[in-house]
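Asker: A single structure is presented below for examination.
The values are calculated or read from the model by the stated rules, or taken from the named source; none is laboratory data. Worth saying up front: this structure is predicted, and the values here are computed from it rather than measured. Reconstructed Cβ throughout: ideal geometry from the backbone, glycine too, with neighbour counts over all protein chains shown. The protein model used for the area step is the full one, side chains on, heavy atoms only, and it has no ligands, DNA or RNA in it. Shrake-Rupley method; radii C 1.70, N 1.55, O 1.52, S 1.80 Å.
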Amino acid sequence: MNAHILILGGDGVGPEVSHAAKQVLEHIAHTFSHTFSFSEALIGGCAIDATGSALPQASIDAASAADAILLGAVGGPKWDNTKAATRPEDGLLAIRKALGLYANLRPVKAYPELAYASPLRPELLTNVDFLVVRELTGGLYFGQPKERRTRADGGITAVDTLEYHDYEVQRILQLAFQLAEGRRKNVSSVDKANVLETSRLWREHASAMAKDYPAVTLQHVLVDTAAMRLVMSPAQFDVLVTENTFGDILTDEAAVLVGSMGLLPSASLGTQTNAHGFPRGLYEPIHGSAPDIAGKGIANPIGTILSAAMLLRHSLGLNNEASAIENAVQAALQAGARTADLTKENALSTKEMTEKILALVRA
Ligand code: NAD
């Protein structure tokens, strides 16, 4: 297969970890006889410095021409002025909008050999392997009106609007059911249907859609119960699907289960398809730019390398190649490879961890 991948390195450790993932993709291309070409473009703070915009038009054009996009991270203290007209994170919102990305996928898999790094007791981590599917474009963060009003008594009332359209609910639920078919066939639809009208709409559509996927079991879970179960019995989940705000909170809760932010990948999929008929997705580790360790060559590249595996699976349909990366990461961890976020002794550098994983990738 011929594929073109855009790398948006971004700020801080972003360029370091995306370079590591690019090396793994090059290795995969060589091992499995594909031709991958790469280009690079600016996003975030470095883009603001160079052009005044957190996502210049040239980056949008490059993303629209690519089959998939691999992103490092954006932001850092240099751009942390709350009064600034443009912030690095504006680049993330802009690229999501430009690519029509409405679904964020975050797989969470606990590695038994890293149980010591998790805040949960080791026995709770056995068989933890679930996928959170979060709606990205609707809900409380975008609904209008969003404003402050001065009341007759001189006080202030703040208003946010929680709004969901049926088509937004349907497309994210459909994706969750489809993904569940390729996994353990269990969807947990997370809502707050006991109080919210948007959640009641969500629940109706989830129940109706379940009829189209007879092999998949659906359970409705209230968001407060889901938050509790994620720490009490996380192994019960397969695919969790939820709206924007609930997903924002639950994905961060889920992220700490495995022991380090540096381990987890994500994918954002949307309405556009690429030249191969797959979604033109955006793939990035869940962590930020880690300014405290940037430039030291010690960042854990695994979250970004696993994001590259998701890229192969979801944007190029290369399942064997994706599994080859995931198996290599697992084998490296089983063999004791650890970066500084996972050990105090004999920590590997980003480059050494990447080389360990490269050596374990098998066709
Ligand atoms: P962070 O994820 O950058 O770092 C949190 C902690 O985790 C730090 O101690 C860091 O050293 C560690 N860490 C993160 N990634 C690591 C890795 N790969 N290997 C080893 N250790 C790792 O979060 P933060 O410190 O809250 O934010 C720093 C900057 O990143 C801020 O400007 C924030 O706005 C931005 N940010 C960007 C994104 C994104 O690009 N998607 C996401 C979150 C935060």
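Yes or no, residue by residue, for (1) among the charged types (D, E, K, R); (2) out of contact with any strand residue (DSSP E or B) (no Cβ under 9 Å at 6 or more places or on another chain):
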residue: Ala47; (1), (2): no, no
residue: Ala54; (1), (2): no, yes
residue: Asp61; (1), (2): yes, yes
residue: Lys78; (1), (2): yes, yes
residue: Ala84; (1), (2): no, yes
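Asker: List pairs: first residue in the stretch 110-128 and charged (D, E, K, R), second residue open to solvent by 100 Å² or more (accessible area, probe 1.4 Å) anywhere in the structure, Cβ distance under 9 angstrom, at least six positions apart or on different chains.
Answerer: Close Cβ pairs satisfying both conditions: Glu113/Gln334.
Asker: Considering only the stretch 158-201, state which residues are in a helix (DSSP H, G or I) and in contact with a Lys or Arg (Cβ under 6 Å, 6 or more places away or on another chain). Walk me through how you get there before you give the answer.
Answerer: Applying the first criterion (in a helix (DSSP H, G or I)) to the stretch 158-201 yields 166-181, 197-201.
Correct list: Ser199 only.
Asker: Taking Ala308 as meeting all but one of (1) away from the ligand (no atom under 16 Å from the Cβ); (2) outside the structural domain of Leu125 (by TED's automatic domain parsing), write down the number of the exception.
Answerer: Evaluating Ala308 over (1) away from the ligand (no atom under 16 Å from the Cβ); (2) outside the structural domain of Leu125 (by TED's automatic domain parsing) leaves (1) as the failure.
Asker: Looking only at the stretch 181-206, count how many residues are farther than 14 Å from Ala226 by Cβ and in contact with an Asp or Glu (Cβ under 6 Å, 6 or more places away or on another chain).
Answerer: 2
Asker: Within the stretch 324-351, can you find the residues that are away from the ligand (no atom under 15 Å from the Cβ) and open to solvent by 40 Å² or more (accessible area, probe 1.4 Å)?
Answerer: Glu326, Asn327, Gln330, Gln334, Ala335, Gly336, Glu345, Asn346
Asker: Could you go through the stretch 64-71 and let me know if any residue there is hydroxyl-bearing (Ser, Thr, Tyr) and part of a helix (DSSP H, G or I). Step through it out loud before you land on a result.
Answerer: First pass over the stretch 64-71, keeping only residues hydroxyl-bearing (Ser, Thr, Tyr): 64.
Subsequent filtering for residues that are part of a helix (DSSP H, G or I) retains 64.
Looking for residues that are hydroxyl-bearing (Ser, Thr, Tyr) and part of a helix (DSSP H, G or I), one finds at least one in the stretch 64-71, hence yes.
Asker: Now for a separate question. Looking at Thr273, Thr304, can you tell me which residue is under 14 Å from the mean Cα position of the chain (by Cα) and either open to solvent by 30 Å² or more (accessible area, probe 1.4 Å) or more than 22 Å from Val169 (Cα to Cα) (or both)? Before the answer, list the steps.
Answerer: Details: Thr273 fails: under 14 Å from the mean Cα position of the chain (by Cα).
Being under 14 Å from the mean Cα position of the chain (by Cα) and either open to solvent by 30 Å² or more (accessible area, probe 1.4 Å) or more than 22 Å from Val169 (Cα to Cα) (or both) holds for just one of Thr273, Thr304, which is Thr304.
Asker: Filtering the stretch 85-119 down to residues that are in a loop (DSSP other than H, G, I, E, B) and either within 11 Å of the ligand (Cβ to nearest atom) or open to solvent by less than 40 Å² (accessible area, probe 1.4 Å) (or both), which residue is farthest from Pro291 (Cα to Cα)?
Answerer: In the first step, residues of the stretch 85-119 are kept if they are in a loop (DSSP other than H, G, I, E, B); the result is 85-87, 99-100, 110-111, 118-119.
Still in the list and also either within 11 Å of the ligand (Cβ to nearest atom) or open to solvent by less than 40 Å² (accessible area, probe 1.4 Å) (or both): 87, 99-100, 110-111, 118.
Details: Arg87: 16, Leu99: 27, Gly100: 29, Ala110: 26, Tyr111: 26, Ser118: 23 Å.
Step by step, filter the stretch 85-119, then rank; the result is Gly100.
Asker: Please go through the stretch 22-46 and pick out each residue that is of a type in the set (A, V, I, L, M, F, W, C) and within 11 Å of the ligand (Cβ to nearest atom). It would help to see each step written out before you state the result.
Answerer: Filtering the stretch 22-46 for residues of a type in the set (A, V, I, L, M, F, W, C) gives 24-25, 28-29, 32, 36, 38, 41-43, 46.
The answer is Ile43, and nothing else.
Asker: Quick check on my filter: what residues within the stretch 65-84 are touching a helix residue (DSSP H, G or I) at 6+ places or on another chain (Cβ under 7 Å) and more than 12 Å from the ligand (Cβ to nearest atom)?
Answerer: Selection gives Asp67, Ala68, Ile69, Leu70.
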